[in-house]
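The values are calculated or read from the model by the stated rules, or taken from the named source; none is laboratory data. Every value quoted in this text rests on a predicted model; they were computed, and no experiment measured them. Don't worry about glycine lacking a Cβ; one is built from the backbone with ideal geometry, like all the others, and counts go over all protein chains shown. For accessibility, only protein heavy atoms count, side chains too; no ligands or nucleic acids. Shrake-Rupley method; radii C 1.70, N 1.55, O 1.52, S 1.80 Å.
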Amino acid sequence: MIKITGTFILIALLQTASAPDPVATMVGRLDFAKYKETIKGLTQFGDRRQGTDRNRAAVDWIEAQLKSYGCTNTERIRYEYAGQQIRPAALRGANGGAAPAGAVRPTPSTIEGGGRPRGVRAATGVNLDPLLQPDLKLREINAQPDAPGPREEVFCTKIGTTHPEEMYIVGAHMDGHGYGEAANDDGSGTALVMELARVFSSTDVQTDRSIRFILWNNEETGYQGSLAYISQRQALQGKENPAGSGKYPEPKWLGMIQHDMMMFDHGAPRADGTISKEQRPEADVNVEFQVNSTLAEQSQTLAWIFEKANEKYATDYPASVGSHMTNTDSGPFQAIVPAISLREAERGTQIGLGWDPQWHQPTDVFATYDDKDFRLGLNAAQTTLAAVAQLAGAALKK
Ligand SMILES: [Zn+2]
């Protein structure tokens, strides 16, 4: 009897020692080809400018994809947007063209979000001229201007088994502009969030806490989508509804993780303002928090959890933590809940100084990027998946 018990204990110990790490298994389910395919799918709707039919069609497509992954409890946030991005040329002013390649600009004295300007600053801007898109089919897809009116954005939720009343928010913005395909800004982040929704929705994955996968609209016009979410939902956090049902329509927010421009880290502009055609070997995933925010301490703690998750689970590229998160949907959350953003480069000191020549330009199309670019995006997906799996207490059912 004693002998049999001992054998059983030994077998149990061996099983524990050799049990596959569920986080590693889940990270392994992220697929390079699938990530690229999802970005490609988003680019069929051109630049997905808010307030257009192509933007609405993209929201419908994203929702259908989420459902097909098993994230079936999709919901929409509805709000009004009265502004307009595209106005008649006469009202636009002179700053509406594409950034001339290689143009060097004076170094600014301050940087949005903080940080010190260093090196050469290349031209940046938002392209407002549809005729600068050389692909005539894409020009046609992007032809409709935006109109003020009702807007929608979609999300779905992985419900936690032991703590359904608490959740992490994993987001990216699905709208874009510039008359390209918004492949990198922010098809790359949108596809990342969708791929995570797919992996977490697998029937054998269970999490203690809930995770919400949300694709913001109206980021490019000033975060109206994330602001609408906050104003409609903040007060509902953690409330069981109906009482006694075990259902929490708005779980308490534990953290907000935004993904915005995930693929292009080719280094700083050279002296003549040009950028390398190749992903730099030392490319990294930039995890930023805002040091001048109320919850800077908590947000920083969250950022380092992502850095550690990257160290352990990401296959190709490291993560770097920075303190100047700015200009994305995690901004409106930073005083409410720990908030971070993941990007290809620091938004203020790097992207802001022209490190990404496709930014808001007609060249932000799928065909611009090669596998090293897509792989940086995949590494950001591995980073967030691993971090959130640990934070939410993910396990695989036998
Ligand atoms: Zn963006």
Task: Boolean, Ser299 is within 16 Å of the ligand (Cβ to nearest atom), modelled with pLDDT of 95 or more and assigned to a helix (DSSP H, G or I) - done: no
Open item on the list: Can you tell me which of (1) within 16 Å of the ligand (Cβ to nearest atom); (2) free of Cβ contacts under 8 Å to residues at least 60 places away in the same chain; (3) of a type in the set (Asp, Glu) is the one Glu311 doesn't meet?
Closed with: (1)
TODO: Identify the single condition in (1) farther than 22 Å from Leu302 by Cα; (2) more than 16 Å from the ligand (Cβ to nearest atom); (3) in contact with a Gly (Cβ under 6 Å, 6 or more places away or on another chain) that Arg233 does not satisfy, given that it satisfies every other one.
DONE: (3)
Task: Complete set of residues in the stretch 260-285 that are in contact with a Gly (Cβ under 6 Å, 6 or more places away or on another chain), under 24 Å from Trp304 (Cα atoms) and surrounded by fewer than 24 Cβ atoms within 10 Å (Cβ to Cβ) - done: Arg280
Task: the stretch 166-185: number of residues that are open to solvent by 10 Å² or more (accessible area, probe 1.4 Å) and in contact with an Asp or Glu (Cβ under 8 Å, 6 or more places away or on another chain) - done: 3
Task: Selected residue (only one of Ala172, Ala228, Ala197, Ala191 is touching a residue at least 12 places away in the same chain (Cβ under 8 Å) and either within 12 Å of the ligand (Cβ to nearest atom) or part of a loop (DSSP other than H, G, I, E, B) (or both)) - done: Ala172
Task: Conditions (1) in a loop (DSSP other than H, G, I, E, B); (2) out of contact with any strand residue (DSSP E or B) (no Cβ under 9 Å at 6 or more places or on another chain); (3) away from the ligand (no atom under 16 Å from the Cβ); (4) within 17 Å of Phe45 (Cα to Cα); number of the one not met by Gly178 - done: (3)
- [ ] Looking at (1) in contact with a His (Cβ under 8 Å, 6 or more places away or on another chain); (2) within 16 Å of Glu112 (Cα to Cα), find the lone condition where Thr384 falls short.
- [x] (2)
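For every residue, the table says whether it meets (1) touching a Pro at 6+ places or on another chain (Cβ under 7 Å); (2) part of a helix (DSSP H, G or I); (3) over 22 Å from Gln382 (Cα atoms).
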residue: Leu42; (1), (2), (3): no, yes, no
residue: Gly46; (1), (2), (3): no, no, yes
residue: Asn55; (1), (2), (3): no, yes, yes
residue: Gln65; (1), (2), (3): no, yes, no
residue: Gly70; (1), (2), (3): no, no, no
- [ ] Pick out the one residue from Gly322, Gly331 that is within 16 Å of the ligand (Cβ to nearest atom) and within 22 Å of Glu219 (Cα to Cα).
- [x] Gly331
Open item on the list: One residue is enough: does the stretch 377-397 have a residue meeting the conditions out of contact with any strand residue (DSSP E or B) (no Cβ under 7 Å at 6 or more places or on another chain), part of a helix (DSSP H, G or I), over 26 Å from Ile230 (Cα atoms) and within 16 Å of the ligand (Cβ to nearest atom)?
Closed with: yes
- [ ] List the number of the failed condition for Ala303; all other conditions in (1) without any contact (Cβ under 8 Å) to a residue 40 or more places away in the chain; (2) buried (at least 23 other Cβ atoms within 10 Å of the Cβ); (3) touching a helix residue (DSSP H, G or I) at 6+ places or on another chain (Cβ under 6 Å) hold.
- [x] (3)
Task: Hits in the stretch 226-239 - residues which are in contact with a strand residue (DSSP E or B) (Cβ under 7 Å, 6 or more places away or on another chain) and open to solvent by less than 70 Å² (accessible area, probe 1.4 Å) - done: Ser226, Ala228, Tyr229, Gln237, Gly238
Open item on the list: As an exercise: evaluate Pro249 against (1) assigned to a helix (DSSP H, G or I); (2) more than 16 Å from the ligand (Cβ to nearest atom); (3) open to solvent by 30 Å² or more (accessible area, probe 1.4 Å) and give the number of the one condition it does not meet.
Closed with: (1)
Task: Test: Ile340 is among the aliphatic types (A, V, I, L, M), in contact with a helix residue (DSSP H, G or I) (Cβ under 9 Å, 6 or more places away or on another chain) and within 16 Å of the ligand (Cβ to nearest atom) - done: yes
Open item on the list: So, Phe155, is that one over 20 Å from Met263 (Cα atoms), surrounded by 24 or more Cβ atoms within 10 Å (Cβ to Cβ) and in contact with an Asp or Glu (Cβ under 7 Å, 6 or more places away or on another chain) or not?
Closed with: yes
TODO: Scan (1) assigned to a loop (DSSP other than H, G, I, E, B); (2) among the β-branched types (Val, Ile, Thr); (3) under 21 Å from the mean Cα position of the chain (by Cα) for the single condition Thr203 breaks and write down its number.
DONE: (3)
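Would you mind stating whether Thr107 is at pLDDT below 95 and over 29 Å from Gly171 (Cβ atoms)?
Yes: the conditions hold for Thr107.
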- [ ] Take the stretch 332-345 and flag every residue that is buried (at least 24 other Cβ atoms within 10 Å of the Cβ) and either outside any strand (DSSP E or B) or among the charged types (D, E, K, R) (or both).
- [x] Phe333, Pro338, Arg343, Glu344, Ala345
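Can you tell me which residue in the stretch 200-225 is least open to solvent (accessible area, probe 1.4 Å), limited to those that are away from the ligand (no atom under 15 Å from the Cβ) and small (Gly, Ala, Ser)?
So the residue we want is Ser210.
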